[in-house]
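FYI, it's all coordinate maths here, none of it is from the lab. Just so it is clear, the model here is predicted, and its values are computed rather than measured. Glycine also receives a Cβ, built like all others from the backbone with ideal geometry; neighbour counts cover every protein chain displayed.
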């Protein structure tokens, strides 16, 4: 019973704290839960090895045992507002509530307390009121430059007094009141203080991190911060009109020296290209404030240009897109923060498409150069590259003669820019060689002919790049021509002709066919085949169950699920990308035709729930079909299927 009571009380405590709580409050609660075995009111923190930095950390940092890529050790301390008692486990005592001045000593902000005394601020923060004090820690004052600190100490009644008043607000602010992006008015000339409250629980004040929050006082509240803050009156300006207006921005500002590191001729090449210059500038700008102290691990942020950059950290320094390039961080302005960087960030939209190709497409890139096709890819030309990954270029492919290799490459190059969002099902794309490619859009895949795209499409200033899983081969024969030339489907073609369905293989359209090889019919005698051909409705029912309208290729099938394809017979086929259909193995798939795709099967398919009404036909089908048990229903007859899908006009698709 006592355990139940204790659990109920604990749950009640947690629920009370979660009401109207902030990200900071929640992260402290999580820290308390992690330290529950250490006694009451103990919080688990992480400290970066080799530094004094301590964090109430996120689950991600906790389980990785690192912060900013640096190893972090676990510390157990009293949660804010609690204290230890001699001889007792955990932190069972509530810290005494006193005025703000005395509370500064309690939270070990003794330098701030001493400066309050020196600047004649003590009387005010001992007296009546509801103050919020953002008190720099003792370490924060030590980190202030000797020149700045000397200037404050040499003029305590003005400079030091004003500096401290800028750390104060004339009403009580708890962390739950500190909404992200708000500006609060300080007690120094009504100057604003920028508050940011991040999802990882970090709260910053002009980019200084609150390291000990919500220490209640009789006349207010004290929050300890990790650096001394100063008034901000200037805006982020000089690059764009919006930077001189109110807002919440982060600017990664390249130094003059950073521009000298650009490739020769780059700036000249974009000098008169206003959209590219705008994209370049906007790629350095975020429409949110990202203070350095709020970054505990790499995260992606959308830029004003539209694409994302990764902001991470490496100890005390910020990284951008994985590169350590920040020279000076957290230059706070009234409408955001500036980080000085020693490199210019170049978005994909300011690069030529050829520059977007990476190591995984290096074979394609090298071949384009070797075959003299780069003249078709000038900066003045709009084009799209459908770049196969390196493994698509097998030894067999590379052994082809130069003219054939060149044709392969040309079939992966389009004379216009087509972005991923502009592709649609059934779209025809003309290649550099003049061939037409078909686009197929599936639930989880985009494919061109039998090659599907892999993640990584990009848009450059003069076109687009799409990464392909395999080589693209334009179709040039109908399904009938492919099956006839193959030589493995004589029986199937004969049955199609008898059923009056042969035109389905020749006509314009988009079909998927599971074509049984002659091997599938080897068990039948001539008499069995004659019997099968004698019932036209039965024959058409069986054959049309092998067809589906629409082109479904292996790479377009959603993995780990069963894909239902409605057959022309009316019943569903069950397909997965193993590749199997109705549990029958498909040994050869994705034979692309101008009017469809062929998947080869070595078994005849039959709907599992469709009975047979003739004992003779049942015996024939039982020889053919082993993967299901066919039911016999005396007197059952096959319904005639209207052949409305057979066209009277037999023109190949690409002859139109």
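Measuring r between the beta carbons of residue 523 and residue 63 and using R0 = 45 Å, the FRET efficiency lands at 0.15. FRET efficiency for the residue 190 to residue 424 pair, using the beta carbon distance and R₀ = 56 Å, is estimated at 0.50. Over the C-alpha trace of the stretch 479-624, radius of gyration and Dmax come out as 14.5, 42 angstrom. Our analysis of the stretch 246-346 gives Rg over Rh at 0.97, with the two radii drawn from alpha carbon positions and Rh computed by the Kirkwood formula. The separation of the stretch 150-209 from the stretch 460-522, counted between C-alpha centres, amounts to 72 Å.
Once you reduce the stretch 344-368 and the stretch 396-440 to the center of their Cα atoms, the two points are 18 Å from each other. The Rg/Rh ratio of the chain, with Rg taken over Cα atoms and Rh as the Kirkwood radius over Cα pairs, comes to 1.16. Once both labels are positioned 7 Å from their Cα atoms along Cα-to-Cβ, the gap between residue 118 and residue 94 label points is 3.6 nm.
With R₀ fixed at 25 Å, the C-beta to C-beta distance from residue 530 to residue 646 puts the FRET efficiency at about 0.55.
Across all directions, the shadow cast by the convex hull of the stretch 100-225 built on its C-alpha atoms averages 7.0 square nanometres.
Beta bridges assigned by DSSP with both partners in the chain are antiparallel in approximately 75 percent of cases. Relative to a virtual label point 7 Å from the Cα of residue 255 in the Cα→beta-carbon direction, which members of the stretch 302-327 show backbone nitrogen distances below 11 Å? Only 326-327 pass the distance filter.
Protection proxy ranking of 500-510, 144-154, by the mean of other Cβ atoms within 10 Å over each peptide's residues and highest first, is 500-510, 144-154. Antiparallel beta bridges, as assigned by DSSP with both residues in the stretch 461-606, represent about 75 percent of the total such bridges. With 0.36 nm allotted per residue and the present C-alpha distance subtracted, the residue 76-residue 218 stretch has 48.4 nm of extension available. Note: relative contact order over the chain, using C-alpha pairs below 8 Å and six or more positions apart, is 8 percent.
Approximating the spin labels as points 7 Å out from Cα along Cα→Cβ, the residue 266-to-residue 143 distance works out to 3.2 nm. Among DSSP beta bridges lying fully in the stretch 351-468, give the percent that are antiparallel, nearest 5. Rounded to the nearest five, the antiparallel share is 75 percent.
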